[in-house]
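Trainee: The following block contains the structure, expressed as structure tokens.
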Amino acid sequence: MDGNGRWADRHGKTRQFGHEQGSSNVYDIFLSCIELDINTVTFFAMSSENMNRSKEETEFISILLDDSIKKHLPDLLDNQVKFKVIGDISHLPKNIRDTIDYAESATSKFTKYKLNIAYNYGGQWDVVNSINILMRKKLAISYENLSKYLSTGSDFPDMIVRTGGYKRLSNFMLWQAAYSELIFLDVLWPEFCSDDVSNILNNYKSIKRKFGKVE
């Protein structure tokens, strides 16, 4: 979800306007994914490093998160979509944490579709957090156990798509991305559309994934 600020600059708008446009695009893209039988989608809204931006910007984005959850929760329930926010949300105001908790609880039993929002998320944080959980539970630090207690559980992405032109993961799902197909696009996030999703999926289907094996 990269490029909201640059998109706003190009259109002579404020960064806040860019974030509003980017936020409004999330659920439309999720629905496009569902239509193409993509059952699990994670949107990288805010990285751990993004939290170093101005208080005004981070608070505005947290309010957008709250508003978006409230707006789309009825549709998530109707479509039986499991919703989750991954990342360290302990700093958020209680009312926003309550909104997240309610949405997660209300959709917790759904299994067919999953919508994750990564907020104040970092892949390094995710690994360290998992290890800390294992230590508290006095469990062995193994691949299986560490994977189980990541914020995504053992649900790893088949592909990771980054908009905005930069070709790096920027601390996103570092453990989970070991065998993910990486796709980097120049298009800015507010301009990313259903046609882009279709093209990406068609290209993905042409890839023969071997996971290190020789056939």
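The values are calculated or read from the model by the stated rules, or taken from the named source; none is laboratory data. Computed from a prediction, not measured in an experiment: that's the story for all the values here. A quick note on method: Cβ atoms are made from the backbone with ideal geometry, for glycine too, and the neighbour counts reach across all protein chains shown.
Trainee: Could you please let me know if Leu174 is closer than 30 Å to Ser194 by Cβ and touching a Gly at 6+ places or on another chain (Cβ under 6 Å)?
Mentor: When the stated conditions are applied, Leu174 passes them.
Trainee: Moving on to the next point. For residues that are buried (at least 18 other Cβ atoms within 10 Å of the Cβ) and of a type in the set (Val, Ile, Thr), tally how many sit in segment 39-57.
Mentor: Residues meeting the conditions: 2.
Trainee: Checking the conditions here, which among Lys167, Lys210 is in a loop (DSSP other than H, G, I, E, B) and modelled with pLDDT under 95?
Mentor: The conditions single out Lys210.
Trainee: Working only within segment 55-86, note down all residues that are within 18 Å of the chain's Cα centre (by Cα) and over 20 Å from Asn25 (Cβ atoms).
Mentor: Result: Lys82, single match.
Trainee: Going by the conditions given, is Ile96 in a helix (DSSP H, G or I), hydrophobic (A, V, I, L, M, F, W, C) and under 21 Å from Val41 (Cβ atoms)?
Mentor: no
Trainee: Applying the selection to segment 125-157, what residues are of a type in the set (Lys, Arg) and either surrounded by 11 or more Cβ atoms within 10 Å (Cβ to Cβ) or modelled with pLDDT under 95 (or both)?
Mentor: Passing the criteria: only Lys148.
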